[in-house]
Amino acid sequence: MPGLAAAPFSWHIGVTGGIGSGKSTVTGILQAAGACVIDADQLARDCTRPHGAAIAHIRSAFGDTFIDADGSMRRDRMRKLVFRDPIAKHKLESIIHPLVLQQAQTLAAEAARQGYRVIVYDIPLLAESAHWRKRLDRVVVVDCDEATQIQRVMQRSGLTQAAAASIIASQASRQQRWQIADAVIDNGASTTLQQLHTQVRALASNFGLISG
């Protein structure tokens with residue numbers, strides 16, 4: 001497996017889903033079952049924190065106005081820019097994605113040395129990022145209807161309905177995620193937490209984590 005090779009017989013599983021889909025809950029269940037979870041979004045945040053690995057590159061590409069006084073990226077300002085400017089979005093991704101991939105590779109190798117045989121990558125933008133898919137054995141999509149996504153995001157983050165809908169619109173569609181899925185976990189409005197656990201445990205058993 002190029003880029004994320006580890007010890008023999010390790011599974012490399014990508015888990016993705018739109019904002020508010022419950023992706024983090026699914027990866028948490030897999031972690032409790034014995035998987036190592038690598039959070040790509042957290043790695044991206046780490047490299048844009050004060051004096052993180054991406055900061056010098058961001059300063060060079062976008063200027064000092066996108067760097068806060070504490071040495072971190074100004075997320076609010078950058079978010080507004082990349083939402084309206086696809087070129088800026090691509091430029092930012094070209095800085096952050098290689099750093100995230102490199103760190104994920106390091107963490108995966110360490111997990112393999114520790115004896116993990118299932119390594120789960122929590123990747124919000126997996127459908128939008130082809131370079132991840134060729135490094136994974138399986139892709140799991142956590143699926144949810146848009147109305148439920150909006151409701152969850154509003155409750156969790158205090159965003160307006162319009163703001164939540166705007167974020168969802170900027171991400172891959174449900175259909176695009178289905179196209180890359182090897183397995184789909186249903187976590188819509190009618191799915192109970194127990195039903196979600198049942199689905200994830202059945203999936204985990206396929207990778208030798210726990211019995212279904």
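Exactly one residue out of TYR116, TYR121 is at pLDDT 90 or above, under 14 Å from the mean Cα position of the chain (by Cα) and hydroxyl-bearing (Ser, Thr, Tyr), and it is TYR121. Confirm whether ARG177 is open to solvent by 50 Å² or more (accessible area, probe 1.4 Å) and of a type in the set (Lys, Arg). The answer is no for ARG177. Per the listing ILE96, ILE67, ILE87, the residue uniquely more than 20 Å from the chain's Cα centre (by Cα) and buried (at least 19 other Cβ atoms within 10 Å of the Cβ) is ILE67.
Which one of these does ASP41 not meet: (1) at pLDDT 95 or above; (2) part of a helix (DSSP H, G or I); (3) open to solvent by 60 Å² or more (accessible area, probe 1.4 Å)? With (1) at pLDDT 95 or above; (2) part of a helix (DSSP H, G or I); (3) open to solvent by 60 Å² or more (accessible area, probe 1.4 Å) applied to ASP41, the lone miss is (1).
Only one of ALA127, ALA109, ALA169, ALA162 is surrounded by fewer than 17 Cβ atoms within 10 Å (Cβ to Cβ) and closer than 20 Å to VAL37 by Cβ; which?
ALA109
Looking across the stretch 175-201, the residues that are assigned to a loop (DSSP other than H, G, I, E, B) and more than 20 Å from the chain's Cα centre (by Cα) come down to ALA189, SER190, THR191, THR192.
ARG133: among the basic types (Lys, Arg), surrounded by fewer than 19 Cβ atoms within 10 Å (Cβ to Cβ) and within 30 Å of ASP76 (Cα to Cα), yes or no? When the stated conditions are applied, ARG133 passes them. Annotation: PRO50 fulfils all but one of (1) touching a strand residue (DSSP E or B) at 6+ places or on another chain (Cβ under 6 Å); (2) open to solvent by 50 Å² or more (accessible area, probe 1.4 Å); (3) not in a helix (DSSP H, G or I); the unmet one is (1). Only a single item in (1) in contact (Cβ under 8 Å) with a residue 40 or more places away in the chain; (2) surrounded by fewer than 16 Cβ atoms within 10 Å (Cβ to Cβ); (3) small (Gly, Ala, Ser) is not met by SER60, and it is number (1).
List pairs: first residue in the stretch 154-167 and among the charged types (D, E, K, R), second residue surrounded by 11 or more Cβ atoms within 10 Å (Cβ to Cβ) anywhere in the structure, Cβ distance under 9 angstrom, at least six positions apart or on different chains. The qualifying pairs are ARG156/GLY20.
The values are calculated or read from the model by the stated rules, or taken from the named source; none is laboratory data. It should be emphasised that the depicted structure is a prediction, and the values quoted were computed from it without experimental measurement. Using ideal geometry, Cβ is built from the backbone for each residue, glycine included, and neighbour counts are taken over all protein chains shown. Heavy atoms of the whole protein, side chains included, go into the accessibility calculation; ligands, DNA and RNA do not. Shrake-Rupley method; radii C 1.70, N 1.55, O 1.52, S 1.80 Å.
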